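Everything on this sheet refers to the single structure shown next.
The values are calculated or read from the model by the stated rules, or taken from the named source; none is laboratory data. Treat the numbers as computed from the prediction; the structure is a model and nothing was measured. Note that we place each Cβ from the backbone using ideal geometry, even for glycine, and neighbour counts take in every protein chain shown.
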Protein chains: 2
Amino acid sequence: MASQDDVLELETFLPYRLYHLADLVSREFARVYKDRLGLTRPEWRTLSGLGQYGTMTAKELGEQSAMHKTKVSRAVAELERRRWLIRTPDEKDRRIEHLTLTKAGLAAYRGMVPLAKAFERELLSRIKQSGQGALTAALDAIEAALSLTPSGADSGGAAAGGDGRRRARPD
Amino acid sequence: MASQDDVLELETFLPYRLYHLADLVSREFARVYKDRLGLTRPEWRTLSGLGQYGTMTAKELGEQSAMHKTKVSRAVAELERRRWLIRTPDEKDRRIEHLTLTKAGLAAYRGMVPLAKAFERELLSRIKQSGQGALTAALDAIEAALSLTPSGADSGGAAAGGDGRRRARPD
DNA sequence: CCAAACTGGTTACATCTGTAACCATCGAAA
DNA sequence: TTTCGATGGTTACAGATGTAACCAGTTTGG
């Protein structure tokens, strides 16, 4: 099955397909929060993270939603400017600030949740039954595969097993 | 099955998961062509497209590798600057230029192909057997789902109209 | 008590990206 | 042929991003 090694078929090349599809989906979803709330993706993720967990530090936010700290910093600054969140200095460690959504921020979040869920539902429904199971299975598999550190070569073993990661998916 | 509509679990939210994984994979792969050839993603795609099809116009490139025309324009300009490709004006339509890799460009491409394939192979191997089939099945499903006219609104993004797109996928 | 070494977070700068406006050419209609 | 609306492609400008340098506050260890 392996074709010769002198031509690469971009259209079926995994990194390309994956990125392209993610980009498509992401863009389409972005329209929802962009049109409605005028948020950028980092801002949306920040809103989402705080809506979900209530209070977080910038660092935690970055870890939770896979954002570089500069993105977090800027997103937080913007949401603060809109008065959608407030910072509360930590008593013990004055480098840290605890971030929490304000009433307005929470309202924006609450308004988005159903839309996000509807979007996802609609997307999944468009994907045929078989594909749906395959999709989550595939994402699980890639996630597990990538959570292994070896950026190098060797892939032996792999054993992603243990790792606690946030995998809480019901199905 | 749907959880309440007041909280969204970002970590399992499809658009997020998809984007995050694609980003991870893409970044890792980008290191290959960036370290080795100093290319940006649009440049790599352009190189890849021309390597694969021999000669293309900027428009075709954009369609094949899902890039906005400004990206194509810039990538082409850069590859031309490096003398990795040349433009040949079209005889009949003087707005068009046919792009082709030079010896140097082709050499760069040829050097990358095995690395790209190795990368993909390694990635797939890290994904357990089951996940592997699921992955391609899932990508197929999403691709199919997205090519359907979005029930949502206008554009729907890519998928240029008439052109049967280069979908050569077996399934 | 003071000096590394570290950590949470912000900022400066250089790129990259998308939108929109633009140029040249083409096709069709008048 | 002239005109007007598409089309291939480039460019100007405003945002968004990543890297690296930078602060301020903390910890560790003399």
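Remarks
- Condition met for B:Ala108 (in a helix (DSSP H, G or I), within 14 Å of chain A (Cβ to nearest Cβ), more than 8 Å from DNA strand D (Cβ to nearest atom) and in contact with a Phe, Trp or Tyr (Cβ under 8 Å, 6 or more places away or on another chain)): yes
- Listed by first and then second residue, the pairs with beta-carbon distance under 6 Å, at least 6 apart or on different chains, first residue in the stretch A:138-150 and within 17 Å of B:Tyr19 (Cβ to Cβ) and surrounded by fewer than 20 Cβ atoms within 10 Å (Cβ to Cβ), second modelled with pLDDT of 75 or more and of a type outside the set (Val, Ile, Thr), are A:Leu146/B:Leu24.
Matching residues to (1) within 16 Å of DNA strand C (Cβ to nearest atom); (2) surrounded by 16 or more Cβ atoms within 10 Å (Cβ to Cβ); (3) not charged (D, E, K, R):
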site: B:Asp90; (1), (2), (3): yes, no, no
site: B:Leu99; (1), (2), (3): no, yes, yes
site: B:Ala104; (1), (2), (3): no, no, yes
site: B:Ala116; (1), (2), (3): no, yes, yes
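- Comparison of A:Val25, A:Val7, A:Val32 shows that the only residue that is surrounded by fewer than 19 Cβ atoms within 10 Å (Cβ to Cβ), more than 22 Å from B:Thr40 (Cα to Cα) and among the β-branched types (Val, Ile, Thr) is A:Val32.
- Condition met for A:Tyr16 (among the hydroxyl-bearing types (Ser, Thr, Tyr), away from DNA strand D (no atom under 16 Å from the Cβ) and either touching a Leu at 6+ places or on another chain (Cβ under 8 Å) or at pLDDT 95 or above (or both)): yes
- Odd one out for A:Pro114, checked against (1) closer than 20 Å to A:Leu24 by Cα; (2) at the interface with chain B (Cβ under 7 Å from one of its Cβ atoms); (3) modelled with pLDDT of 90 or more: (1)
- Test: residue in the stretch B:66-74 that is within 30 Å of A:Ala145 (Cβ to Cβ) and in contact (Cβ under 8 Å) with a residue 60 or more places away in the chain: yes
- Count of the stretch A:3-43 residues which are assigned to a helix (DSSP H, G or I) and either within 7 Å of chain B (Cβ to nearest Cβ) or touching a residue at least 40 places away in the same chain (Cβ under 8 Å) (or both): 21
- Residue in the stretch B:116-130 that is within 16 Å of DNA strand D (Cβ to nearest atom) and among the polar types (S, T, N, Q) present: no
- Test: residue in the stretch A:63-74 that is more than 15 Å from DNA strand D (Cβ to nearest atom) and within 14 Å of chain B (Cβ to nearest Cβ): yes
- Note on the stretch B:66-80: residues that are of a type outside the set (A, V, I, L, M) and either more than 12 Å from DNA strand C (Cβ to nearest atom) or at positive phi (or both) total 1.
- In this structure, A:Thr88 does satisfy being more than 18 Å from A:Ala30 (Cβ to Cβ) and not charged (D, E, K, R).
- Residue match in the stretch B:55-75 (condition: modelled with pLDDT of 95 or more, among the charged types (D, E, K, R) and buried (at least 21 other Cβ atoms within 10 Å of the Cβ)): no
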